[in-house]
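The values are calculated or read from the model by the stated rules, or taken from the named source; none is laboratory data. Keep in mind that what you see is a predicted model, and the values were worked out from it rather than measured. As a convention, Cβ positions derive from the backbone with ideal geometry for all residues, glycine included, and neighbour counts pool all protein chains shown. Ligands, DNA and RNA are stripped out before the accessible areas are found, and what is left, the full protein with its side chains, is counted by its heavy atoms. Shrake-Rupley method; radii C 1.70, N 1.55, O 1.52, S 1.80 Å.
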Amino acid sequence: MKHFNHAFLSLLLGGIFAMLMSGCEKELPVYSDPNNRLIFDYSNPADTLKRYSFVYEKATTTTDTLWYKVHTMGFVTPYDRPFQLEQVTYGVSDNAVPGKHYVAFDDPELLKKYYYIPANSAGTTIPIVLKRDASLKSQGFMLVFTIKTTDEFSAGYTNKSFMSIYIADFLAKPSGWKTLSTYYFGEYGVAKHQFLIDTTGDKWDDDFLANELSIEDAAVCDKYYIAYLESVLREALDKLNAEREAQGLGKLKEADGTEVSIPLISL
């Protein structure tokens, strides 16, 4: 009798579960939204802003390209679907100028070769072509852009519909130079930045700080390597200052007179 009751109970519960699952399945709506949307594909919110400076490039470099991934929201189609980008004004006087600071988004070659979603695909990678104008030597300009609404696409999630590029042709504080960067290497300064570049051969930009040093990630950063790097930099700075003083130039300083220094950190 006990075996019968257990078997009967199992059968009853299984039937109820099956009915519940069947009911849930029937309640799920079939996706039928005819609107196709487009978003920028990234995982880290910090990637929405990129800082680019031509100062790291050769004097003969006149253009450079940054690449972005875009992803569709909606159905895949068996044909190519064109899309467009548009600039969003930022501030008053520091908006990047199309044709001057970047290749305009309505450039025929960009539209034809890159700005479309290929057939049977849910995404692609597109170029933003920056231009080296003389005005970038003295001032940085911001390029903010989004997906333009067309017959084929409109922008998707708001937090994944806008990207920004700060364009310059001089050294500036990387956005990744934060608390731990300051702790290990001291306050940021342009003269210090140039010294770091000259000494190590690296750019000390956002990419270097995040991907080579992982400086702001305490769980990943190799503190012993950082300590070694600090010692190399202090030695190089002492040597440079000795050479400068022998030439009557004085120690290396920032434009405001602050002496460039590398902290001595105890692990």
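Does PHE170 meet the test of being part of a helix (DSSP H, G or I), open to solvent by less than 60 Å² (accessible area, probe 1.4 Å) and either over 23 Å from VAL103 (Cα atoms) or at pLDDT 95 or above (or both)?
no
With (1) open to solvent by 40 Å² or more (accessible area, probe 1.4 Å); (2) at pLDDT 95 or above; (3) in contact with a strand residue (DSSP E or B) (Cβ under 7 Å, 6 or more places away or on another chain); (4) within 25 Å of GLN139 (Cα to Cα) as the list, and LYS251 as the residue in question, which single condition is left unmet?
The number of the failed condition is (4).
Please specify each residue of region 79-94 satisfying the condition of being under 22 Å from LEU130 (Cα atoms), over 19 Å from the mean Cα position of the chain (by Cα) and surrounded by 15 or more Cβ atoms within 10 Å (Cβ to Cβ).
PHE83, GLN84
Given the criteria open to solvent by 60 Å² or more (accessible area, probe 1.4 Å), assigned to a helix (DSSP H, G or I) and over 30 Å from HIS193 (Cα atoms), does GLU109 qualify?
yes
Could you please give the count of residues in region 233-253 that are without any contact (Cβ under 8 Å) to a residue 24 or more places away in the chain and either small (Gly, Ala, Ser) or outside any helix (DSSP H, G or I) (or both)?
Of the residues in that region, 7 qualify.
Mind checking which residues of region 112-136 are touching a strand residue (DSSP E or B) at 6+ places or on another chain (Cβ under 6 Å) and part of a helix (DSSP H, G or I)?
Across region 112-136, the qualifying residue is only LEU136.
Tally time: how many residues in region 80-106 are at pLDDT 95 or above and not in a strand (DSSP E or B)?
11
For residues in region 116-157 being hydroxyl-bearing (Ser, Thr, Tyr) and closer than 24 Å to VAL97 by Cα, which is surrounded by the most Cβ atoms within 10 Å (Cβ to Cβ)?
TYR116
Residues of region 189-207 being assigned to a loop (DSSP other than H, G, I, E, B) and more than 16 Å from ILE226 (Cβ to Cβ), which ones?
GLY189, GLY201, LYS203, ASP205, listed by residue number.
I'd like to check which strands (runs of 3 or more DSSP E) are fully inside region 37-76 and have at least 3 residues that are within 30 Å of SER121 (Cβ to Cβ) and hydroxyl-bearing (Ser, Thr, Tyr).
Passing ranges, in order: 63-73.
Give region 51-78 a look and list any residue that's open to solvent by 80 Å² or more (accessible area, probe 1.4 Å) and either closer than 21 Å to ASP198 by Cβ or touching a strand residue (DSSP E or B) at 6+ places or on another chain (Cβ under 6 Å) (or both), or say none.
Within region 51-78, ARG51, LYS58, ALA59, THR60, TRP67, LYS69 qualify.
Pairs needed: first member in region 153-176, among the aromatic types (Phe, Trp, Tyr); second member anywhere, open to solvent by less than 20 Å² (accessible area, probe 1.4 Å) and assigned to a loop (DSSP other than H, G, I, E, B); C-beta distance under 6 Å; at least 6 residues apart or different chains.
These pairs meet every condition: PHE153/PHE83; TYR166/GLY140.
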